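Below: one structure, written as structure tokens.
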Amino acid sequence: MNKKNIIYYFLLSIIVIALCFIAMMVGSSDISNFSSNDLYIIYNLRLPRVIMCCLVGSALSVCGTAYQAIFRNPLSDPYILGVSSGASLGASIAIVIGLDVFILGISLMAFVFAFITVILIMKISQVGNRLHTTTLLLSGISINFLFSAIISIIMFIDQEDMHKIYFWTMGSFSGIKFNDDIIVGCFVVLGCLIIRFYAKELNALLFGNMTARSLGINVEKTKKIILIVSTLMIGSVVAYCGVIGFVGLIVPHIVRLIVGNDNRRILPFSIFGGMIFMLISDIISRTIIAPSELPIGSITSLIGSPFFIYLLYNAKKKLHS
């Protein structure tokens, strides 16, 4: 690790710590004199939430980076491709059939449906041995609409569980406990480490399957491992926090502009970027209409949608140039 990277990591760590402190101070209850009640709120309510923000931001950013390398498409993102919606549908079905009483009941269903979504999208968009970019995006958007419609029908039929399902579709960090942090943390930390281990392979995949094979990389095995790990991370995030979109699209793009296209650098910087983006979004969601709280998914979508349109516009200009 060179000196320049060490300085970057140090500065980013300070920013993350500062945002964590701010996030623990703001909210519906004013923290002023650090009384016993204030300390209870900080430790039992806000600290678990802040930790989850960091975990979710890291997971979605790393998954977004991995998806963009595997699909060779800078517009790839778990939310846009419908993977998050698939996980949300799995979580909704788990709630309806009563699997939410089990520790990993919702997580398992979210993972299964997210993985099925990935396979489905790949099958639809594959032309020969290549994944067609336009078809990939259109199939992801179509899957998003389809699963959203199914979730709406489930909510209409089972109105007793409507509020629980609505939670997943909007995304929220409210009610997060330390036990939730531990479970999600296991998936996220292990997943980030595994994907970082395959950073060189991700670099090779950016140049195409043929080039990667010529470098001695088992392309199909690598793709399967990264897709499974990414989907497991997304499933765990959706199971506990609902659908949070566009993080995996925005953060890798910004990081790539700063540090270049080497995934060995993009991945660790995306972890920091994801933490910062998610902490800022959470602070906004809790303060903009305080003491009420906006769903975190609406904040990230509000920021991410214009960014996605901007990327599409740039892509269109490159086609005509």
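Every number in this text was worked out from the coordinates using simple rules, so none of it is lab data. Source: prediction; values computed, not measured. Cβ coordinates were reconstructed from backbone atoms using ideal geometry, including for glycine residues, and neighbour counts include every protein chain displayed.
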Nitroxide proxy distance, nm - points 7 Å out along Cα→Cβ at Ile97 and Ile14: 5.2
Qualifying aspartates and glutamates (Cα of each under 17 Å from Cα of Lys223; at least 8 residues distant if same chain): Asp77, Glu201
Check: the chain dipole with +1 on Lys, Arg Cβ and -1 on Asp, Glu Cβ, in debye: 1560
GNM flexibility winner over the chain from Ile276, Ile303, Ile151 (Cα, springs under 10 Å): Ile303
Computed [θ] at 222 nm, deg cm²/dmol, the chain (DSSP H ≥ 4; -39,500 (n - 2.57); rounded to nearest 500): -25000 deg cm²/dmol
Sequence of Tyr198, Tyr43, Tyr8, Tyr79 once ranked by neighbouring C-beta atoms within 10 Å, starting from the fewest: Tyr43, Tyr8, Tyr198, Tyr79
Mean shadow area of region 59-320 over all directions, Cα convex hull, nm²: 14.2
Order of Ile150, Ile51, Ile234 - criterion: other Cβ atoms within 10 Å of each residue's Cβ, fewest first: Ile150, Ile51, Ile234
Linear extension gain, Phe307 paired with Met162, 0.36 nm per residue minus alpha-carbon span: 49.1 nm
Residue of Ser84, Ser230, Ser125 that the Gaussian network model of the chain assigns the largest fluctuation, springs spanning Cα pairs under 10 Å: Ser125
